[in-house]
Structures are given as C-alpha cells and as structure tokens.
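**Q** I'd like to ask you about the structure that follows.
The values are calculated or read from the model by the stated rules, or taken from the named source; none is laboratory data. Since this is a predicted model, take the numbers as computed values, not measurements. Because the Cβ atoms are built from the backbone with ideal geometry, glycine has one as well, and the counts that use them run over all protein chains shown.
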Amino acid sequence: MFSFFRKKPGPAATASSQAAGVADLPSLPSLPSLPSLPSLPDPGVSQPVSARRAGWLDRLQAGLRRTGSSIATVFTGTRIDEDLYEALEAALLMADAGVKATEYLLQDLRRRVKAAKATEPASVKALLAEALSELLAPLERGLMIGQQRPTVIMVVGVNGAGKTTSIGKLTRHLAEAGQTVLLAAADTFRAAAREQLAVWADRNRVEIVSQQDGDPAAVSFDAVSAGKARGRDVVIADTAGRLPTQLHLMAELQKIQRVIAKADAGAPHEVLLVVDGNTGQNALAQVKAFDAALGLTGLVITKLDGTAKGGVLAAIALWGRERPAGAVPVYFIGVGEQLEDLQTFSAREFAQALLG
C-alpha cells in the first residue's frame with residue numbers, strides 16, 4: 001500500500017535486503033523496493049496495489065480538474081508566441097503558484113522549448129510537465145520509520161486543516177504495516193479533539209494517552225515515556241491547532257517540542273505540518289512560520305479534492321531551494337475522507353494531474 005516504511009536493518013540482513021529498506025517487514029512481501037522515486041509504483045507491485053493507486057490518481061485528477069482545464073486551454077492554439085506565455089503566466093498565477101514560482105517555471109520552460117526546438121503548443125505542455133516535475137522532485141521523499149524506537153512524530157497545523165483526521169489515517173496504515181502505535185491526545189484546547197482522536201484509536205485498535213483538561217506538554221511527555229516503556233514502534237502527538245500569527249500559542253508548541261526531547265533525547269524525530277490545500281499562498285506562509293518556530297521535517301497536504309488549485313506546491317518547492325536545510329518534503333497528500341485517500345506524494349504524478 002505504501003512505500004514509506006523503512007525499518008532499520010538487523011545485523012543479519014543481507015546487502016540486498018538493506019538496499020530494499022524493508023528487511024524487518026517480512027509480513028509485507030508485496031511492498032516494492034524503495035527506488036529514487038519512492039512513491040511511484042514499481043513494476044513488481046501486485047495488481048491490487050496498482051489498481052488502488054490508479055483509482056486514487058483518478059480522484060486526484062478530478063480534484064485538480066479546474067486548474068488542469070484552465071492550463072490546458074492555453075495550449076489549444078496553433079503558435080508558440082508571447083501570447084501563449086502570457087496566457088500561461090495568468091493560468092499559473094490563478095493556480096496559486098505565486099509570482100516567484102511562475103516566473104521560474106516560465107523561464108525554465110522557455111529554455112526547454114528552445115533546446116527542444118519545439119514548434120507545437122502541445123509539445124510545450126509536455127515540456128512544462130517536465131519542468132514542474134523537476135521543480136517538485138525535492139519534495140518527494142519517504143517517511144522513515146524504524147531508525148529509532150519509538151519514532152516520535154509531532155503533528156502540527158492550524159485548526160480545520162485536517163490534522164487529527166490525517167493522524168487517524170496515518171495510524172491505520174502504520175498499524176496495517178505491523179507497526180505498534182501509541183497516540184498522544186495533546187490537543188487539549190479544541191472541544192472534542194480528545195474524543196475524536198480516541199475514536200481513531202479505537203478504530204485502529206491502538207493505545208492512546210490522554211488527560212481531561214491536561215497540559216499538552218505533560219500529555220506528550222507521558223505518551224513518549226509510555227511508548228518507550230511499552231516498546232512501541234511509533235508515538236504520534238496530536239497538538240492543538242495554531243495560527244502562526246498567535247505567537248504565544250506557537251510558543252506552546254515549542255514547549256511541547258522541548259518536553260518531548262526531555263522524555264526521549266533526539267525526539268521528536270519528525271515534525272509534520274498538515275496544510276489545507278485550499279488555502280492557496282497562505283499555505284506557503286504557514287509552512288514558513290511553522291518551520292521558523294519548530295524546524296519542520298515534513299508536510300501533509302490535505303483536501304486537494306475541494307476547491308484547491310494545487311499550484312502552491314510549486315511555491316513551496318521553490319522556497320525549499322532557498323532554505324538552508326533544503327526542501328521540506330511532502331510525505332502525503334489527501335484527496336478525500338476515505339482511508340485510501342491519503343497517499344504518498346509523487347512529483348511526476350502530481351505535475352501530470354495539475355496540468356490536466
């Protein structure tokens with residue numbers, strides 16, 4: 001189902017097992033090896049997995065159809081001229097790519113058109129797909145599970161982004177892959193947040209640590225300590241939604257991060273930001289603000305089946321080139337409420353879906 005699980009090999013692992021990266025997961029023989037593009041289906045993957053991925057791609061394309069149709073219209077003409085590039089600029093801006101990413105893509109596209117000596121607008125579209133895929137490629141990286149035990153994941157985001165639901169879906173996939181998971185209900189501010197996470201814990205048959213009106217940092221500390229004591233593979237902390245402009249609340253997240261590190265040196269091993277794909281360029285502002293406060297290690301982009309335009313991923317990728325630590329990878333993207341609607345990110349697949 002997923003290719004993001006990579007357990008740390010045991011001492012008896014062979015060189016080929018180490019290369020596959022799933023030596024400690026013998027119960028998942030159908031999982032592909034991890035190639036340079038970890039979310040792309042491997043030719044050896046069983047048909048049910050490929051069919052599931054194909055169905056999900058159809059939903060992704062449907063979610064981005066409005067943007068894809070707008071961009072595709074640009075290439076219905078008969079000439080490659082300045083009018084085409086101007087129309088494409090407007091379409092990319094309308095797709096929430098932002099000014100910088102739009103300028104970058106157009107400049108790269110002009111270079112590719114010249115190098116390929118393209119004469120047909122249809123061929124320009126293919127070259128744009130290549131340019132966008134290359135720009136998004138640094139965002140494509142698998143989530144590492146198993147190098148630490150427990151692997152502690154701190155999940156953050158603004159209210160309404162789908163944070164708790166994404167945690168529930170991720171927990172399900174981890175559990176199905178044989179990982180033992182413990183959840184921390186550290187969102188003690190939002191009404192019913194603890195109960196919502198408890199429902200997911202019950203569905204997935206995993207443990208949860210929570211306190212009625214407890215301090216979020218204390219809940220996180222207890223959960224990480226419990227995860228270590230019980231030998232759990234993964235601990236996921238659900239934190240309260242935060243607007244990046246609320247500095248005192250962002251400081252609370254930093255406190256949680258420090259307390260988790262006290263419970264387990266080196267933790268949290270992952271700090272994931274859940275971003276609503278419908279928020280456009282505001283999504284980039286969120287990524288920058290949360291990264292400055294916490295040092296993000298990954299993103300989850302949700303709700304790409306709504307009115308989302310998708311181009312903001314190009315802006316996030318371009319910003320990542322300027323980030324000293326490199327791009328923040330997009331581990332997952334979501335297109336719906338169903339479990340299978342949360343999938344690993346592929347730059348090539350996303351570019352093709354975005355461009356129609």
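**Q** Show the residue pairs meeting these rules: Cβ distance below 8 Å; 6+ apart or different chains; first residue within the range 108-119 and more than 13 Å from Y85 (Cβ to Cβ) and free of Cβ contacts under 8 Å to residues at least 24 places away in the same chain; second residue of a type in the set (A, V, I, L, M) and surrounded by 13 or more Cβ atoms within 10 Å (Cβ to Cβ).
**A** Close Cβ pairs satisfying both conditions: A116/L127.
**Q** All but one of (1) surrounded by 15 or more Cβ atoms within 10 Å (Cβ to Cβ); (2) at pLDDT 50 or above; (3) among the small types (G, A, S) hold for A51; which doesn't?
**A** Every listed condition holds for A51 apart from (1).
**Q** Then there's this: Only one of these conditions is not met by A116: (1) surrounded by 15 or more Cβ atoms within 10 Å (Cβ to Cβ); (2) touching a helix residue (DSSP H, G or I) at 6+ places or on another chain (Cβ under 9 Å). Which number is it?
**A** (1)
Let's see how each residue does on (1) out of contact with any Pro (no Cβ under 8 Å at 6 or more places or on another chain); (2) surrounded by fewer than 21 Cβ atoms within 10 Å (Cβ to Cβ); (3) modelled with pLDDT under 85; (4) assigned to a strand (DSSP E or B):
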{"position": "R172", "(1), (2), (3), (4)": "yes, yes, no, no"}
{"position": "Q179", "(1), (2), (3), (4)": "yes, yes, no, no"}
{"position": "A191", "(1), (2), (3), (4)": "yes, yes, yes, no"}
{"position": "E195", "(1), (2), (3), (4)": "yes, yes, yes, no"}
{"position": "Q212", "(1), (2), (3), (4)": "yes, yes, yes, no"}
{"position": "A217", "(1), (2), (3), (4)": "yes, no, no, no"}
{"position": "K228", "(1), (2), (3), (4)": "no, yes, no, no"}
{"position": "I236", "(1), (2), (3), (4)": "yes, no, no, yes"}
{"position": "T245", "(1), (2), (3), (4)": "yes, yes, yes, no"}
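**Q** Restricting to the range 114-156, give me the number of residues that are outside any loop (DSSP other than H, G, I, E, B), polar (S, T, N, Q) and farther than 30 Å from E252 by Cα.
**A** So the first thing to find is which residues in the range 114-156 are outside any loop (DSSP other than H, G, I, E, B), and the list is 114-116, 121-139, 151-156.
Retained after the next criterion (residues that are polar (S, T, N, Q)): 123, 133, 151.
Now restrict to residues that are farther than 30 Å from E252 by Cα: 123, 133.
Here the count works out to 2.
**Q** Right, here's the next one. Among the residues of the range 193-221, which ones are in contact with a helix residue (DSSP H, G or I) (Cβ under 8 Å, 6 or more places away or on another chain) and of a type in the set (D, E)?
**A** Within the range 193-221, E207 is the sole residue that qualifies.
**Q** If you don't mind, there's one more thing I want to ask. Report yes if some residue within the range 250-264 is more than 21 Å from A97 (Cβ to Cβ), among the small types (G, A, S) and not in a helix (DSSP H, G or I); otherwise report no. Walk me through how you get there before you give the answer.
**A** Start the filter on the range 250-264 by keeping residues that are more than 21 Å from A97 (Cβ to Cβ), which leaves 250-264.
Those left that are additionally among the small types (G, A, S): 251, 261, 263.
Then keep just the ones that are not in a helix (DSSP H, G or I); that gives none.
There is no residue in the range 250-264 that is more than 21 Å from A97 (Cβ to Cβ), among the small types (G, A, S) and not in a helix (DSSP H, G or I).
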